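Just so you know, all these numbers are worked out from the coordinates, no wet-lab data involved. Predicted, not measured: the structure shown is a model, and the values here were computed from it. All Cβ positions, glycine included, derive from the backbone under ideal geometry; neighbour counts span all protein chains shown.
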Amino acid sequence: METHHTYNNPSTPPPLEHVPTALAAINHVLAIEGYESDDPRDPGGYTRWGISATAHPDIDFNTFTMTDAARIYYCQYWIPMNLPIELHQHIYNHLLSAEVLFGHHRASQIRQRALNRFGYDPPLLVDGDPGPKTKFATAMIGSDYPPIFLLTFLLECKTQAALLVRQSPNLSCFLRGWLNRFDPPELLPAFLEARRP
C-alpha cells in the first residue's frame, strides 16, 4: 500500500544522520516491512524494505539497499509530515508507520482526527494537509508520551485499515498485519500504571 509522495519544500533539511528521531522511526518501519515481498495480492507489487516497484519504477532493485530505502523514507515521508521536535519516540514511530502504509494525505487526516479527539481546540480542519496549525497541535502533545493521544491515533489507524478493506475486500488478506502494525507498544501498560494517582 506504499504511496509515493515528493517533498517540494525549498529549504534544505538536515541530513538523516543528524535527526536521531527520524532514524529511529525509519528503523522501526524497516523492521515492520522486512527485506522483500512479492505478494501478487499487493497492489504495490514487488517491494524491498517496504519500497514498492509500482511507486518507484525508476529504482534498480538489484542494487537497492536498506540505506537507499532509509533515504526515501526520510525525504519522501518523514519530511513532508512537518513534525515538531520533542515528541516521544513511539509517537514518531507510529506517525511514520501510518505515513508509509496509508500515504501522505490519508495519514495526515488520521493525525488531524486523532488530535481533534485528543481535545485540541479549536478543532483542526481534517484536510490532509499537515501545515502550521497541525504542526502546532502536534507539538502540544509534548515529550512525555501522552498515552491518550497515542491510543487515539492507533485506533484511528486501525479504523482506517478496516475501512480500506471494506472498500476493497480483495485486501482482506492484509488486514491482520495492518491491525497488528498499530498495536500499542509493550511498555504502554507500565507507563499508565506509573501515571496512576
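Which of Ser52, Ser108 comes first, and how do the rest follow, when ranked by fewest Cβ neighbours within 10 Å? Write down the numbers at each step before the final one.
On the way: Ser52 21, Ser108 24.
So the residues, fewest neighbours to most, are Ser52, Ser108.
Quick one: work out Rg over Rh on the C-alpha atoms of the range 25-176, Rh as Kirkwood radius.
Values: Rg = 15.9 Å, Rh = 16.3 Å.
A ratio of 0.98.
Mean-square fluctuation check for the chain, GNM, Cα pairs under 10 Å: which of Arg111, Arg41, Arg181 is largest?
With Cα springs under 10 Å in the chain, the top fluctuation among Arg111, Arg41, Arg181 is at Arg41.
Helix 89-102 against the longest principal axis of the chain: what's the angle in degrees, Cα atoms only, rounded to the nearest 10?
Here the helix axis deviates by roughly 50 degrees.
Compare the Cα positions of Ala114, Val29, Asn62 along the charge dipole of the range 16-194 (+1 at Cβ of Lys, Arg; -1 at Cβ of Asp, Glu; about the Cα centre) and return the one farthest towards the positive end.
Positive-most Cα among the choices belongs to Ala114.
So what are the ³J(HN,Hα) numbers for the range 166-174, from phi and the Karplus equation (6.51, -1.76, 1.60; θ = phi - 60°), rounded to whole Hz, Gly and Pro as x?
The phi angles translate into 5, 6, 10, x, 5, 8, 4, 5, 9 Hz.
Sort 124-133, 93-102 for me by packing, meaning the mean count of neighbouring Cβ atoms within 10 Å per residue, highest on top.
Numbers: 124-133: 15.1, 93-102: 24.6.
Result, highest mean Cβ count within 10 Å first: 93-102, 124-133.
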